[in-house]
Amino acid sequence: MTIAETVRTRIGAPAFGGPQLLGPFVRFGLAIGAAIAVFSVVLLLDGTNPLDTVQLMWDASVGTEFGRNEVLVKLIPFGLCALAVAVPARVGLINVGGEGQFYIGAWAAAGAILYSGAPGPALIPLALVAGALGGGAWAGIVALLRVKGGVNEAISSLLLNFVAIQFVNYFVYGPWKDPSGPNWPFSAKFPGSAMLPVVWGDRVTLAIVFVAVGLVAMFLVLRYTRIGYEARVVGGNPLAAERSGIPVARYLFLAMVVGGAIAGIAGMAEVTGIQGRLRPGISVNYGYIGFLAAWLGGHRPLGILLAALLFGAISVGGDSLQLGLDLPGSTVNILMALILFAVLAGRKNRTGVGA
Amino acid sequence: MTAPVLAAPTLRPRGAAPALSARGLSKRFADVVAADNIDLDAYSGEILAILGENGAGKSTLMKMLYGYYHPDAGHLEVDGHAVRFHSPAGARASGIGMVFQNFTLIPALSVVENIALVQAGRGLRLDRRRLGRRISELSDRYQLEVRPNAIVRDLSVGERQRAEILKVLASDARILIMDEPTSVLAPHEVESLLGILRRLRDDGYAILLITHKMREVFACASQVTVLRRGRVIGGGPIGDFDADSLLRMMLGERQDQTAAVESPPAGPMGPGIRLEHVSTSGTDGRSALRDVSLSVPAGQIVGVAAVAGNGQSGLADVLIGIGKLKSGAVFLGGDNVTRASPARRLESGLCVVSEDPVAFGAVGAMSVSENFMLTRAPVDGKGRILRTRRLLAAAARLASRSPFPMPALGRKLETLSGGNVQRVVIVRELQSHCRFLLAYYPSRGLDVASSRAVQQMLVDLRAQGAAILLVSEDFDELRALSDEVLVLYHGEVVGTFGRSAVDPMRVGQLMTGGRAA
């Protein structure tokens with residue numbers, strides 16, 4: 001055994017799948033600390049006491065039972081939208097279209113509930129399927145353009161977000177406007193049987209289970225199935241994948257569509273869990289925050305869960321800033337962006353190390 | 001800006017201090033000593049060959065000399081003055097230049113622009129004309145033929161290497177470290193590189209040549225230092241050694257493995273790999289295949305001799321089935337697979353050791369065991385669910401059958417050297433499931449013992465009835481193993497030689513375009 005070999009044997013990394021666990025947590029913590037430090041400087045420039053701000057955000061989110069429940073409420077759209085980014089990311093695709101897929105999923109779910117004429121108990125499953133199909137089909141446009149035409153999926157998915165929002169607007173301002181309402185751009189209210197049941201606290205709906213199932217499924221598929229293995233090969237080296245007989249185009253297409261379907265389910269969960277009707281502005285940048293959470297979480301299920309909880313807490317805490325400190329609610333966007341930058345900057349150099 | 005246009009170092013008499021000298025260099029990684037108390041002296045006007053197997057500590061030593069690594073102990077002197085390098089920039093400032101195995105040129109820029117980059121420290125303005133003059137003087141003087149205004153992406157491997165050397169010379173290096181410079185070159189390019197090295201030597205450069213090819217050592221080295229397991233085992237003036245004694249020092253107790261591979265010619269055993277009038281459109285700067293017909297019967301090895309960029313790269317995609325043929329047909333074992341998917345072809349027993357295993361044959365972010373699964377056999381869960389434990393056991397069995405040491409199964413491939421990635425791919429592909437094999441440079445980057453082992457694996461596969469198409473840059477290897485040798489030039493088969501009729505001169509002429517000799 002040569003020296004180099006000896007070195008390698010002694011290192012003894014896990015022989016299958018998993019990454020080392022502790023490193024990411026440490027870097028995660030450091031990055032968040034650094035981001036809060038810079039955020040504090042921004043607050044000081046504004047003449048606000050950063051300690052008060054952080055205290056207030058903590059109290060409003062993690063510090064009370066109400067706050068903790070609200071974080072779980074946010075975990076639903078954030079977690080699902082992050083999964084919608086992470087699944088395509090594992091085969092090397094960048095899905096910036098979560099926002100649009102979310103809207104189309106909400107639209108399809110609303111259509112199924114209001115216009116299918118299905119009986120009450122069938123409404124929720126029907127809406128779930130419709131939301132997934134809607135978001136998946138919307139992402140399918142992106143996937144098709146990519147696979148058949150070589151169109152960059154980051155750009156096409158981003159641009160389709162604006163189309164999706166206008167598409168939904170057309171329906172709620174036009175054909176789907178509630179005829180018995182006060183002429184606002186709202187669809188008719190959903191029947192009670194179409195609303196997701198609350199499973200925790202006052203506002204946490206059954207959709208929290210969708211998040212859990214999604215995260216666990218992603219973990220199991222990636223680690224224990226051939227599809228997951230081949231998807232990781234496609235993401236790791238598409239040229240080698242192609243030369244190993246893996247149908248690369250099929251994986252790209254499928255991953256994008258699955259991502260879109262998950263975002264569509266997030267849209268469905270929003271209209272059937274929170275809004276109770278289709279209207280403009282149902283997403284408060286959920287698609288984009290999900291994008292940040294996916295990158296922050298390294299496109300891995302556990303990382304996504306932590307990142308989505310973190311952004312949920314920041315988002316809930318941010319709402320309190322408006323009331324408590326008279327700061328604009330968007331102040332927390334600065335913090336979210338800073339965290340992402342810090343994490344991206346703290347990543348280890350990914351390009352080949354080689355010897 | 002008034003430095004002389006051409007600054008060749010002056011030849012120092014042997015009595016003077018060595019241009020570069022190392023005393024007691026040591027480097028540990030974790031609890032392993034990669035370099036142990038190494039001494040060496042490189043004199044101006046001499047070529048010092050540094051010989052050693054993979055993992056003998058050559059790379060570690062070079063990285064210490066070039067300022068990448070800090071030695072844990074020991075010191076360096078340049079021209080008799082103690083130096084300490086904190087980075088490669090420090091080494092460059094002391095006149096040390098390194099020509100890397102994988103080049104460091106930027107593909108999108110021209111040769112001149114690439115060279116200008118390393119001159120960036122000398123003022124803001126780029127004097128193209130002056131630099132161009134300097135480059136052409138250097139290239140005339142040392143016959144480093146490069147088109148200065150060509151874009152690097154369009155250059156052949158040999159030209160890139162010459163540009164790389166020019167880049168180092170143009171930054172006034174006087175001590176050149178060459179890291180296995182011939183491993184990427186075709187036979188005739190090797191000759192011209194050795195000529196260049198000799199001219200540089202005669203002009204007073206001190207050259208450290210890292211290699212494991214004996215022939216090159218005897219062709220140009222003045223001194224030799226042999227490393228084994230991080231230590232200097234021996235060395236001295238080249239005249240004191242012959243190939244056998246150097247090999248013995250390099251390999252230690254394992255020298256018996258270097259005996260020539262037994263290669264009894266076997267008879268053909270039925271249909272193997274066959275191409276009929278195959279033409280492709282070249283992509284990515286690779287040259288196209290033009291009306292190529294060839295046949296490798298089962299139980300035979302057919303060698304392909306070609307200078308880089310003459311169509312041999314395209315053979316892999318044709319056999320695997322990536323991209324469309326312009327015309328022609330592909331047969332494996334008598335079946336027409338022209339329209340079959342890559343997966344079907346691989347399942348029928350096609351195996352490929354690709355031209356660039358890191359780019360085409362492996363996944364850097366995955367472990368050795370996961371890479372063993374890549375082409376399904378022999379480590380495979382055919383099912384939809386991966387039986388992790390069973391796969392790991394299969395991977396361990398595969399690694400234990402390997403005739404050379406394998407990296408730990410859990411190592412990610414991106415942390416391995418090129419030679420070790422090559423070993424992973426070879427161990428995966430050269431197994432009993434393999435009925436049709438296309439192997440590019442199978443022994444590239446491997447030390448002598450591992451190369452022999454790979455050649456033995458090829459011969460064993462042939463004995464089991466595999467049809468083997470062997471593309472190699474090592475002409476001796478081609479000749480020793482092949483039942484037939486084809487020459488490709490500009491995508492066409494321009495010559496075919498039977499086992500006993502291979503004439504190196506004639507092959508060389510055909511490879512470089514001389515049809516009528």
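The values are calculated or read from the model by the stated rules, or taken from the named source; none is laboratory data. Keep in mind that what you see is a predicted model, and the values were worked out from it rather than measured. Here the Cβ positions follow ideal geometry from the backbone for every residue, glycine too, while neighbour counts run over all protein chains shown. Keep in mind that these areas ignore ligands, DNA and RNA; they rest on the heavy atoms of the full protein, side chains included. Shrake-Rupley method; radii C 1.70, N 1.55, O 1.52, S 1.80 Å.
See the values below:
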read-out: Qualifying residue in region A:70-90 (condition: at pLDDT 95 or above, β-branched (Val, Ile, Thr) and more than 30 Å from A:VAL316 (Cβ to Cβ)); value: no
read-out: Set A:ARG243, A:ARG232: member being within 10 Å of chain B (Cβ to nearest Cβ) and touching a residue at least 40 places away in the same chain (Cβ under 8 Å); value: A:ARG232
read-out: Tally of residues being crowded, with 19+ Cβ neighbours inside 10 Å, touching a strand residue (DSSP E or B) at 6+ places or on another chain (Cβ under 6 Å) and closer than 19 Å to B:MET269 by Cβ across region B:298-342; value: 5
read-out: Residue match in region B:34-45 (condition: open to solvent by 30 Å² or more (accessible area, probe 1.4 Å) and more than 26 Å from B:GLY234 (Cβ to Cβ)); value: no
read-out: Only one of B:SER369, B:SER313, B:SER295 that is outside any helix (DSSP H, G or I) and among the polar types (S, T, N, Q); value: B:SER295
read-out: Conditions (1) touching a Lys or Arg at 6+ places or on another chain (Cβ under 9 Å); (2) surrounded by fewer than 22 Cβ atoms within 10 Å (Cβ to Cβ); (3) of a type in the set (A, V, I, L, M); number of the one not met by B:ALA206; value: (2)
read-out: Total residues in region B:84-93, condition free of Cβ contacts under 8 Å to residues at least 24 places away in the same chain and surrounded by 17 or more Cβ atoms within 10 Å (Cβ to Cβ); value: 1
read-out: Count of region B:53-99 residues which are part of a loop (DSSP other than H, G, I, E, B) and under 20 Å from B:VAL118 (Cβ atoms); value: 8
read-out: Region B:44-74, residues that are within 15 Å of B:ARG23 (Cα to Cα) and out of contact with any Lys or Arg (no Cβ under 9 Å at 6 or more places or on another chain); value: B:MET62, B:LEU65
read-out: Among residues of region A:154-180, those that are surrounded by 15 or more Cβ atoms within 10 Å (Cβ to Cβ) and not in a helix (DSSP H, G or I), counted; value: 3
read-out: Region A:268-277, subset part of a helix (DSSP H, G or I) and small (Gly, Ala, Ser), residue farthest from B:ARG344 (Cα to Cα); value: A:GLY273
read-out: Test: residue in region A:139-153 that is polar (S, T, N, Q) and farther than 23 Å from A:ILE289 by Cβ; value: no
read-out: Test: A:VAL234 is open to solvent by 40 Å² or more (accessible area, probe 1.4 Å) and either part of a helix (DSSP H, G or I) or not hydroxyl-bearing (Ser, Thr, Tyr) (or both); value: no
read-out: Only one of B:LEU105, B:LEU61, B:LEU51 that is away from every other protein chain (no Cβ under 14 Å) and either of a type in the set (Phe, Trp, Tyr) or closer than 24 Å to B:ASP447 by Cα (or both); value: B:LEU51
read-out: Tally of residues being loosely packed, with under 15 Cβ neighbours inside 10 Å and under 29 Å from A:PRO247 (Cα atoms) across region A:182-216; value: 2
read-out: Candidates B:LEU386, B:LEU391 - the one that is at pLDDT below 90 and more than 7 Å from chain A (Cβ to nearest Cβ); value: B:LEU391
read-out: Among residues of region A:297-331, those that are over 18 Å from the mean Cα position of the chain (by Cα) and in a helix (DSSP H, G or I), counted; value: 10
read-out: Count of residues meeting criterion [facing another protein chain (nearest Cβ under 7 Å), among the aliphatic types (A, V, I, L, M) and open to solvent by less than 10 Å² (accessible area, probe 1.4 Å)] in region B:347-366; value: 3
read-out: Qualifying residue in region B:325-343 (condition: of a type in the set (Val, Ile, Thr), in a strand (DSSP E or B), farther than 29 Å from B:GLY445 by Cα and facing chain A (nearest Cβ under 10 Å)); value: no
read-out: Complete set of residues in region A:48-94 that are of a type in the set (A, V, I, L, M) and outside any helix (DSSP H, G or I); value: A:VAL62, A:VAL91, A:LEU93, A:ILE94
read-out: Selection from region A:281-291 of residues that are surrounded by fewer than 24 Cβ atoms within 10 Å (Cβ to Cβ) and in a helix (DSSP H, G or I); value: A:TYR288
read-out: Among (1) open to solvent by less than 50 Å² (accessible area, probe 1.4 Å); (2) β-branched (Val, Ile, Thr); (3) closer than 30 Å to A:LEU252 by Cα - the single one A:VAL151 does not satisfy; value: (1)
read-out: Residue among A:LEU160, A:LEU196 that is under 26 Å from A:HIS299 (Cα atoms), in contact (Cβ under 8 Å) with a residue 24 or more places away in the chain and not aromatic (Phe, Trp, Tyr); value: A:LEU160
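Listed here are the residues, each with its yes/no results for (1) assigned to a loop (DSSP other than H, G, I, E, B); (2) of a type in the set (D, E, K, R).
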{"site": "A:PRO182", "(1), (2)": "yes, no"}
{"site": "A:ASP202", "(1), (2)": "yes, yes"}
{"site": "A:ILE208", "(1), (2)": "no, no"}
{"site": "A:GLU242", "(1), (2)": "no, yes"}
{"site": "A:ARG250", "(1), (2)": "no, yes"}
{"site": "A:VAL258", "(1), (2)": "no, no"}
{"site": "A:ALA266", "(1), (2)": "no, no"}
{"site": "A:ARG279", "(1), (2)": "yes, yes"}
